[in-house]
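Throughout, read-outs are computed from the coordinates displayed, never taken from laboratory work. Bear in mind that the values here come from a model prediction, so they are computed numbers and not experimental data. As a convention, Cβ positions derive from the backbone with ideal geometry for all residues, glycine included, and neighbour counts pool all protein chains shown.
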Amino acid sequence: MSTTTFSGTTEQKSLTLNDLDIGISSQGMEDYKKALKTHLLDQTITELDAAYQEIMKVVNEGWQGVARDRFDQKFNNTCKQIGDDLSLEYVDLCARLDEMQAYYYEQDLKLIDE
Amino acid sequence: MAWNATTEASTLDAASFSTTAMGNRNSSRSGAAITSNYGAGWEGPFSYNSGSTAQEFGGYSIVGISVARVPIMRQKIESEVERIQNYLNGIGQNTEGDNGTNVVLGTTQDASGNIVDATIAIKSPDMVKAINGYIESVKTYAKALLSNLLAFADKLQEVRNVWESSTQNFATSTIGSSTTSMADNSTFYQQQYGSATADASNTDAAAHEQV
């Protein structure tokens, strides 16, 4: 009587996200968050800072005194607050994306019992 | 020949005249007490040294605003806010962004120029749609924050209005009321003491000649 031998487990083929219909890529997620930070956050803050400089350049050409100094300070503070708020929005967005990613991996972990 | 030993008193009481004139003028002066310290500089409520360095208030010897430039300042704020808002709008519309980068909703380009979007991270149409919708909300919030900067444009207009109205108030209430403006005071002086130029019809000049 012959004994049927089965081959061992197969090796995982390395798939890309494009090979799947449902899935998640941690590297892709990191790349995506990095790209969002660049365009949605960093570049916006850079544009905001450039706007502040341009605006105050024009203001300084026609106003002088303590009132102007205070206007400058308040305007600067408001721009910084906007930048800080956008940063908080980005951090919150990343937290949500990380949470979603964790769900995907947890789903994969619990799908088949050991 | 008889010497005329009889002297005549001048009919012009010069001391009385100047005392009366200065007294009348002094009684019409208002505001804080001002003492004259001729030769050492004018001593007023604010000491002013015209010799070495001028008194600076808050670090400035000159304060004020160019009224003509206020509309330019306001226009600059409005145009810059609009520019940044357009940049945010460009993220996601498959148009050329302000910095020349082609961006699509939720996408950016990497160094190689490849489009980077949410599909490189998630394979699920529903999830990608949800992520893009959330990013759109963040953009909307960012644009609302930027609109707060427009309040500074309104503030500039307010500053201009206050400068203009307060200057008018200074002219009437401090230098003179509406009935005693600088122009009215000038007329008052002329009526009381004659014109500024020497004139034979001037009372004091005519009286002087009699002496």
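What FRET efficiency, computed as 1/(1 + (r/R0)^6) with R0 = 35 Å and r the Cβ-Cβ distance, is obtained for residue A:34 and residue A:74, rounded to the nearest 0.05? Walk me through the intermediate numbers first.
Details: r = 34 Å, r/R0 = 0.96.
Calculated value: 0.55.
Compute the length gained on full extension between residue B:148 and residue B:134: take 0.36 nm times their separation in residues and subtract their Cα-Cα distance, giving the result in nm to one decimal.
On the way: separation 14, 0.36 × 14 = 5.04 nm, distance 2.19 nm.
Full-extension gain reported as 2.8 nm.
Could you list the GluC sites (Glu not before Pro) in segment A:1-63 that lie in coil according to DSSP, counting only those with at most 15 other Cβ atoms within 10 Å of their Cβ? Walk me through the intermediate numbers first.
On the way: sites: A:11, A:30, A:47, A:54, A:61; in loops: A:11, A:61.
Filter output for segment A:1-63: A:11, A:61.
Dividing the Cα radius of gyration by the Kirkwood radius, what Rg/Rh value follows for segment A:1-91?
Numbers: Rg = 27.5 Å, Rh = 18.2 Å.
In segment A:1-91, Rg relative to Rh is 1.51.
How many nm separate the modelled label positions at residue A:92 and residue B:83, each set 7 Å beyond the Cα in the direction of the Cβ?
Output for this residue pair reads 2.9 nm.
Using the Karplus curve 6.51 cos²θ - 1.76 cosθ + 1.60 with θ = phi - 60°, work out ³J(HN,Hα) for each residue of segment A:12-21 in order, rounded to whole Hz, and write x for Gly and Pro.
Taking θ as phi minus 60°, the curve returns 5, 6, 7, 9, 9, 4, 5, 7, 10, 9 Hz for segment A:12-21.
Compute the projected area of the convex hull of the Cα atoms of segment A:1-54, averaged over all viewing directions, and report it in nm² to one decimal place. Don't skip to the answer; put the middle values down first.
Numbers: hull surface 23.4 nm².
Mean shadow area of the hull around the Cα atoms is 5.9 nm².
So, R0 is 51 Å and r is the distance between the beta-carbons of residue A:20 and residue B:172; what FRET efficiency does that work out to, to 0.05? Let's see the in-between values first.
On the way: r = 81 Å, r/R0 = 1.59.
E(calc), rounded to 0.05, equals 0.05.
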